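Novice: My structure is below; once you've seen it, I'll send some questions.
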């Protein structure tokens, strides 16, 4: 492929391995990444670039319906986790 075509392509990536969550079931990894992203933004502010790592992870492995539900819960002050 030419360089012009390659530069327009989107790079597909998956979440990197996290030794805290070694099993195939990635539910806890999904949840913890969502919580870590929100904690990071709360502490460092919304413009803090390193927080985006956690967002990349949870958007990659979490179902969209979970993300929407958790976001709504945070906005309504009823999220079950500690952020």
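Bear in mind that the values in this text are calculations on the coordinates, not laboratory data. The structure displayed is predicted, hence computed values, not measured ones. We place every Cβ from the backbone using ideal geometry, glycine too, and count neighbours over all the protein chains shown.
Novice: For the residues 17, 34, 79, what sequence is obtained by ranking on other C-beta atoms within 10 Å, fewest first?
Specialist: Ranked by crowding around the Cβ, least crowded first: 17, 79, 34.
Novice: Related question: Across all directions of projection, what mean area in square nanometres is found for the Cα convex hull of region 25-76? It would help to have the intermediate numbers written out before the result.
Specialist: On the way: hull surface 13.9 nm².
Average of the hull's projected areas for region 25-76 equals 3.5 nm².
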